[in-house]
Amino acid sequence: MSAIKEPNYFSYDETIRQNLYHKEKGVGDLAGYKKLFAEANGQYKAVGEASVSYLFYPSVPGRIRQMVPEAKIIMSLRNPVERAFSHYFMEHKLGYVNATLEDIVLKKTTHKYAHLWYQQYVELGLYYEQVKRYMEVFPKEQLCIFIYDELSENMHDSILRVFEFLGIDTSYMPELEGRYNTYSTPRNKLFHLLYSQKRLRTAARSLVPQKSIEAIKNIFLTRDKGGEKKQEVIEELRRIYLPDIQRLENLLHKNLSKWYE
């Protein structure tokens, strides 16, 4: 995988034009992008990266197809209501948003980033058009689409499916016990203030040994309490997403009723 997890190379122009509030600029030049994969040096059967922004912006599938026509695209689609809360909780923890999700979803906030917050937490979950664009640009044998529920319920078979899709060794199975990107929140207001400072987090990562990072995070963060999910917000998100989910069901020929029941 690339040295930077989400270089956003194929969506660079859009993210810069939108001036996204988290200020992650990514990699905008081809030489810099290729450099991310320099360590592969032609020795690996599969190389890749994980820029989630590629799903949202309409021009991206065509750009990828033009530059890497044989590219293999892997998608994992999560219940859009759950995805909205998860994305919001993560960015609130990082200090990127200070409005409530209720105010964002119900469009009650007049913050200068309100439209971008709505895009990130609500519009990114409207999958139908996003997935359809890739299906129109790439042959179906170059697309591997997971429903997050299926992936999490049967991780072993999902990983084998990815290995087969990429044409790599299926005899190797990585450790599956670890949990990643689990919800966590600062233990108090002071820790939230400190943790939300991006420069401080970046400096800490450069100073703290990799093996100690999790221990340090456990001092600042707790996983004991999940974020609040107001029923009014859940119902509004379900109302927004229902027609899109039903179109996605027809597109993928999958029963997604768990997402709107």
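The values are calculated or read from the model by the stated rules, or taken from the named source; none is laboratory data. Quick caveat, the model's predicted, so the values are computed rather than measured. Quick reminder, even Gly has a Cβ in these numbers, built from the backbone with ideal geometry, and neighbours come from all protein chains shown.
Before moving on, here are some points about what is shown:
- Residue check for V105: crowded, with 18+ Cβ neighbours inside 10 Å and farther than 23 Å from L166 by Cβ: yes
- So L77, is it at pLDDT 95 or above and either among the aromatic types (F, W, Y) or more than 19 Å from N255 (Cα to Cα) (or both): no
- The number of residues in the range 132-147 that are more than 12 Å from L252 (Cβ to Cβ) and surrounded by fewer than 15 Cβ atoms within 10 Å (Cβ to Cβ) comes to 3.
- One residue stands out among those in the range 147-177 that are in contact with a Leu (Cβ under 7 Å, 6 or more places away or on another chain) and not in a helix (DSSP H, G or I): the one that is modelled with the highest pLDDT, which is I147.
- Hey, Y121 buried (at least 18 other Cβ atoms within 10 Å of the Cβ), hydroxyl-bearing (S, T, Y) and more than 19 Å from the chain's Cα centre (by Cα) or not: no
- Pick from the range 157-172, criterion free of Cβ contacts under 8 Å to residues at least 24 places away in the same chain and more than 21 Å from the chain's Cα centre (by Cα), ranking: surrounded by the fewest Cβ atoms within 10 Å (Cβ to Cβ): S171
- Considering the conditions (1) surrounded by fewer than 11 Cβ atoms within 10 Å (Cβ to Cβ); (2) outside any helix (DSSP H, G or I); (3) modelled with pLDDT of 90 or more, K258 is excluded by exactly one of them, (2).
- Listed conditions (1) modelled with pLDDT under 90; (2) charged (D, E, K, R); (3) within 30 Å of K258 (Cα to Cα) are all met by K72, apart from (1).
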